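Comments concern the structure below.
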Amino acid sequence: MGHSAADMFDLVADVERYPEFVPLCRALKVRQRTPGGEGIETIVADMTVSFKLVRESFRSRVTLDRPKLQILVEYLQGPFSHMQNRWTFTPTGEQSCEIEFFIDYEFRSRMLGVLMGSMFDAAFRRFATAFEARADQVYGRKTA
C-alpha cells in the first residue's frame, strides 16, 4: 500500500471526518479530548450508525498512541454488551505500511444482533478498505 504508517495513523485519528467516508457512520461528535504525555491523546466520542430503519448511537474512548502507531477504541455505552477495536500501523517501507484492524463486539439484545450483526460484520470488513481509498483521495495515489 502506498502510504506511510504516520499518514494512515493521522487518517484514522481524524475521527471527526468519519461521517464523510466510513461505512454506516452517519454522525460523530467528539465530547472530550485529553492530551496525555509522550504523544498519547484520548478522545471520548459519540458515533451514530444507521442502516435502513435502525439507528444507534454509542460512545467510545479512543486512545491515540502516536509513538506506537496504535489506536485503541474502547466501548463506553450503547447497544453493545462489549466492543473493542484496535488499529495497528506497521511501517513496511518509507511510503508503505501494514494495517491491522482487530474488532470484537457483541450486541446486548439478541434481536439487534440478528438485525444488525451480519450488516455490521460486512461494514467492519470494508473499514480498512474505506481508509485506504480515503488515503488515496487525501494524499494522492502514490505508485510504489
Whether any residue in region 90-100 is assigned to a strand (DSSP E or B), under 15 Å from D10 (Cα atoms), among the hydrophobic types (A, V, I, L, M, F, W, C) and open to solvent by less than 70 Å² (accessible area, probe 1.4 Å) is what I want to check. yes
Checklist (1) open to solvent by less than 70 Å² (accessible area, probe 1.4 Å); (2) under 17 Å from R134 (Cβ atoms) applied to G37, failing item: (2)
Consider S118 against the criteria (1) open to solvent by 70 Å² or more (accessible area, probe 1.4 Å); (2) modelled with pLDDT of 90 or more: it satisfies all of them except one. Which criterion is unmet? (2)
Identify the residue in region 99-144 that is out of contact with any Gly (no Cβ under 9 Å at 6 or more places or on another chain) and of a type in the set (K, R) and, among all such residues, is nearest to A6 (Cα to Cα). R134
List the pairs whose first member sits in region 105-120 and is touching a residue at least 24 places away in the same chain (Cβ under 8 Å), whose second member is open to solvent by 50 Å² or more (accessible area, probe 1.4 Å) and among the aromatic types (F, W, Y), and whose Cβ atoms are under 6 Å apart, counting only residues at least 6 apart or on separate chains? M119/F51
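The values are calculated or read from the model by the stated rules, or taken from the named source; none is laboratory data. If you're wondering where the values come from, they're calculated on a predicted model, not measured in any experiment. Cβ coordinates were reconstructed from backbone atoms using ideal geometry, including for glycine residues, and neighbour counts include every protein chain displayed. Protein only, heavy atoms only, side chains kept; ligands, DNA and RNA dropped before computing areas. Shrake-Rupley method; radii C 1.70, N 1.55, O 1.52, S 1.80 Å.
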